[in-house]
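All remarks here apply to the structure that follows.
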Amino acid sequence: MTEPALKQLPLLAVRPPSMKTTCHSAGAGLGAGEDAPVVALVGSPNTGKSTLFNALTGSRVTMGNWPGTTVEVSRGVWRTTRTAASCTCQECDCEPGEGRVDITLVDLPGAYSLVPDSPDEALTRELLVDAPVDERPDVSILLVDASRLSHSLYLASQVRERPLRVVLALTMLDVAAKRGVELDLSALSAAVGCPVVGIDPRRRAGLDELAAAVRDLVAEPVPQPRPHPEGITDSLAIDDERFGWVSAAVEAATLDHGSQQASLSDRVDRWATAPIVGPLLFLAVMWAVFQVTTSVAAPFQDALDGFFSGPLSAAAGALFAAVGLGGSWVEGLVVDGLIAGVGMLLTFVPLMALMFVLLALLEDSGYLARAAVVTDRLMRAIGLPGRAFLPLLVGYGCNVPAISATRILPSARQRILTSLLVPFTSCTARLTVFVMLGAAFFGPQAGTVVFAMYVASIVIIVGVGLLLRGTLWKGEVVEPLVIDLPAYQMPTVRLTASVTWVRLKGFLQTASGIIVVTVCAVWLLQSVPARGDAGFGEVAVQDSVYSVAAQAIAPVFAPAGFGTWETTSTLVVGFVAKEAVISSWAQTFAVDEPGDSASPGTLGDRVRADFTESSGGHPLPAAIAFMVFLLAYTPCVATLAAQQREIGTKWTVFGVALQLVVAWSLAVVIFQVGRLFW
Amino acid sequence: MAGFSLAQAPLHTPLLLVGGSQCVVAECRLSALGLRRGARLSVLQKTAGGGRVVVVGGSRIALGPQVLEGLTADVIA
């Protein structure tokens, strides 16, 4: 792609004019103040930028050992303090805290080149190069992978052609050392014409030296750009010159090129990416994740469930009785609403924590890039490149960041198609419902049922993808697979714990907020009479506004076997967020049959009885139909907001209609066929 | 030097890339990854879906069959 072609890249996201004046990602924090120097982290994908950003700022932005983890700009404050290690005094006698410099640190999306072919790379170029001179970063830390120096230095060759202050931060020195590669950092510094520091962001080594190098460079004038030989205008010739510069730098800096023997990563990849074995291994890994998650977490869930529905509810009831509010609407709201709803959410904490740990281990190890390789053929069948697998995989955690992650794709049409498919990935909020229903209807086979729902999710994605490829995306050219495979790494406890905690906290914050609001809204609707003579708070739940509204919708789901208002109402609540499905069920049944909530595990029994009634004695196919409907219909309003931002209102509305049609059709077919056998 | 398609290249053999990709979409990305005329590489592994993992400049890059067909290489004697 030539540089003029940059302007043709379709960008749907609104982008900031400079990194000094805006905060692109509000969730990632603000800078150190207007006067603070701005330092940008730049580098090829998967060189450790986000890990370094988190280590320097104490933030917790998304990290992962696969290309395309960062698609937005994150900002944070890097508080640098001179220490004996970092001070450049001849004989350091600085007081602790002396010479403290606060820096605004900006984490840019990874870019292989300053000639971008996707919106995330275009964003990096815009902020680093195209912004007005006074709005560019004061210093750029260019992360370079020492284990593949020539590969990483290509971007450096382009950056050094610009008038920018640059520090080269060499990562993956341990991987290079294992391969027998020995580098002379001083020689590399002389060859590339800027300071070079060896760091290990995962173990927080070399960060003081990096701080010292940055502080020194901020005070210096902007260096002259690396000169091009005169008369070269052809883009291929310019590239030749760049590779010549890279080769010279590698040659000057490399003391030992290491052995050419197969590394551990190569030996693992013989199986992990192999035909037949690779896809089977991928399925086995995913099955193990869900099996381990559900089986290990089950006893903890049961214990928490018993605690919330037993002693805690009983104690709260006794407290209300003691203050004269026994049997009042206040007790109903607190015990049947908040304790039942939030308590139900908290029972899923062990399960979510375990799931997040296992996924973090997979991400940090580098396996996910291999998963993109083995699924490439499948992705191409539905009109998408192998790279599109990565945002879809993110969707299995949460659909909202997955929609943003589609920015790693170069084509606007591919981004729209992927964004339409992401809602069919089974996010962790839906997992809670699958686990509850799996345990209630299938007992010890719950883990296999949950895994089957993930397989069903893949089948639906492929089916809808084929449908769209054969119609609206007919004739679409798919770019071939080109994916950079990072070396496998031993996951670190710190990184795994950090990623797990960020996700668990995010889930709890979102879910608890949603659940408290939803519980109050459901309680209010259940307290307002729609018919009969009862007053506010005294109405039988089946005569409330909540029930009457749900009863109007319920017949739509009768052909799918779950046409009761108790179940239909959870789907309406679930449109807002799937985290609230179980709590609204718990609330409805607790209000419907007050007093029974003290016996543990009764929610599953009541749901089973409800499905038995609504399905005419075929609860199993009805439960499967319900789970598939839950899997395929609109995930949550937050996902809709993300879709609207990325692909516009028209495609978002189209997506909602598509999801509802697919979900309802599948549920009806599953129930109608299933009732013939079960 | 005519060379042969990278899809037909023997595994674990030092190769010289003698012909660039005919695929315009992939050309820029391949060049940035070091897969350009004159690059030394070897094919490490066949992958699911008919692709290959190649080693170039210390990097492991997975390439789909369409890319492999467009790249020609010669064995380094």
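The values are calculated or read from the model by the stated rules, or taken from the named source; none is laboratory data. What you see is a predicted model; the values in this text were computed from it and never measured. Quick reminder, even Gly has a Cβ in these numbers, built from the backbone with ideal geometry, and neighbours come from all protein chains shown. These accessible areas exclude ligands, DNA and RNA; they are computed on the full protein's heavy atoms, side chains included. Shrake-Rupley method; radii C 1.70, N 1.55, O 1.52, S 1.80 Å.
When A:VAL462, A:VAL572, B:VAL53 are compared by accessible surface with a 1.4 Å probe, the order from highest to lowest is A:VAL572, A:VAL462, B:VAL53.
A Cβ-based charge dipole, computed about the Cα centre of region A:601-652 with Lys and Arg at +1 and Asp and Glu at -1, lands at about 200 debye. Between A:ALA252, A:THR233, A:SER263, the Cα set farthest toward the positive side of the dipole of region A:223-263 (charges on each charged residue's Cβ, about the Cα centre) is that of A:SER263. Rounded to whole numbers, the Karplus 3J(HN,Hα) couplings from phi for region A:377-387 are 4, 4, 5, 5, 4, 9, x, 10, x, x, 4 Hz, using 6.51 cos²θ - 1.76 cosθ + 1.60 with θ = phi - 60°, and x at Gly and Pro. Taken one residue at a time, the phi angles of region A:210-223 give Karplus couplings (6.51, -1.76, 1.60, θ = phi - 60°) of 5, 4, 4, 5, 5, 4, 5, 6, 4, 7, 8, x, 5, x Hz. Gly and Pro are set to x.
Relative to the longest principal axis of the Cα atoms of chain A, the long axis of helix A:349-365 makes an angle of roughly 30 degrees. When the helices of chain A are scored as -39500 (n - 2.57) per DSSP H run of n ≥ 4 and the total is divided over every residue, the value at 222 nm lands at -17000 deg cm²/dmol. Rounded to the nearest 100, the interface formed by chains B and A buries 2800 square angstrom of accessible surface, both chains summed, with a 1.4 Å probe.
Computed from point charges on the beta carbon alone (+1 for Lys and Arg, -1 for Asp and Glu), the dipole magnitude for chain A about its Cα centre is near 1300 Debye. Annotation: extensible slack from A:LEU264 through A:GLU613 equals 120.0 nm (criterion: 0.36 nm per residue apart, minus Cα-Cα distance). At q = 0.17, 0.26, 0.28 Å⁻¹, work out log10 I(q)/I(0) for region A:453-519 with the Debye formula, treating every Cα as an identical point scatterer and leaving solvent out; two decimals please. For region A:453-519 at q = 0.17, 0.26, 0.28 Å⁻¹, log10 I(q)/I(0) is -0.96, -1.03, -1.09.
Accessible area per residue for chain A, computed on protein heavy atoms with a 1.4 Å probe, is 39 Å². Of the residues A:PHE300, A:PHE243, the one with the largest accessible area comes first in the ranking A:PHE300, A:PHE243, computed with a 1.4 Å probe on protein heavy atoms.
Give me the dipole magnitude in Debye, nearest 20, for region A:200-290 about the Cα centre, with unit charges on the beta carbon: positive for Lys and Arg, negative for Asp and Glu.
640
In region A:183-222, Rg over Rh equals 1.01, where Rg is the alpha-carbon radius of gyration and Rh the Kirkwood radius from pairwise Cα distances.
Determine the percent antiparallel among the DSSP beta bridges restricted to the protein assembly as shown, to the nearest 5.
Details: 35 of 54 bridges.
Around 65 percent of the beta bridges assigned by DSSP in the protein assembly as shown are antiparallel ones.
Report the far tail of the P(r) of region B:4-75, meaning the percent of Cα-Cα pairs longer than 20 Å. Working shown, then result.
Values: 316 of 2556 pairs.
Here the tail beyond 20 Å accounts for 12 percent of pairs.
Here the accessible area of the protein assembly as shown is 63 percent carbon and sulfur, with a 1.4 angstrom probe and all protein chains present. Seen against the Cα atoms of chain A and their longest principal axis, helix A:446-470 is set at about 70 degrees.
The solvent-accessible area of A:ASP138, taken with every protein chain present and a 1.4 Å probe, is close to 40 Å². Database remark: amide H of A:VAL77 closer than 5 angstrom to the amide H of A:LEU105 (H placed geometrically; neighbours at sequence offset of 5 or more, or on other chains; Pro and chain starts carry no H). A:TYR396 exposes around 40 Å² of accessible area when a 1.4 Å probe is run over every protein chain in place. Measuring with a 1.4 angstrom probe and ignoring ligands and nucleic acids, A:THR375 comes out at about 10 Å² accessible. Specify whether the C-alpha gyration tensor of region A:271-415 places it in the rounded, prolate or oblate class, a ≥ b ≥ c being the square roots of the eigenvalues: rounded for a/c under 1.5, otherwise prolate if a/b is larger than b/c and oblate if not. Judged from the Cα gyration tensor, region A:271-415 comes out prolate (a/c at least 1.5, a/b above b/c).
Angle of helix A:428-442 to the longest C-alpha principal axis of chain A, folded into 0 to 90 degrees and rounded to 10: 40°. The average projected area of region A:443-569, computed from the convex hull of its Cα atoms over all directions, is 14.9 nm².
For chain B, a Gaussian network of Cα nodes joined below 10 Å ranks B:GLY49, B:GLY19, B:GLY64 by mean-square fluctuation, and the top entry is B:GLY49.
Running Debye on the protein assembly as shown with equal point scatterers at the Cα sites and no solvent, what base-10 log of I(q)/I(0) appears at q = 0.05 Å⁻¹? Rounded to two decimals, the profile gives -0.29. For the set A:TRP78, A:TRP501, A:TRP523, A:TRP329, solvent exposure ranked by accessible area (probe 1.4 Å, protein chains only) runs largest to smallest as A:TRP329, A:TRP501, A:TRP523, A:TRP78. Less than 5 angstrom separates the built amide H of A:LEU485 from those of B:ARG60, B:ILE61, B:ALA62, all sequence-distant by 5 or more or on a different chain.
Please find the FRET efficiency linking A:GLU220 to A:MET490, where r is the Cβ-Cβ separation and R0 is fixed at 35 Å, and quote it to the nearest 0.05.
The formula returns an efficiency of 0.35 here.
The spacing between region A:549-573 and region A:120-170, judged by their C-alpha centroids, is 56 Å. Backbone phi angles across region A:625-635, fed through the Karplus curve with coefficients 6.51, -1.76 and 1.60 (θ = phi - 60°), yield HN-Hα couplings of 4, 5, 4, 5, 4, 4, 5, 9, 8, 3, x Hz in residue order; Gly and Pro are listed as x. Projecting the Cα atoms of A:ILE460, A:ALA540, A:VAL522 onto the charge dipole of region A:429-560, computed from C-beta unit charges around the Cα centre, puts A:ILE460 farthest toward the positive end.
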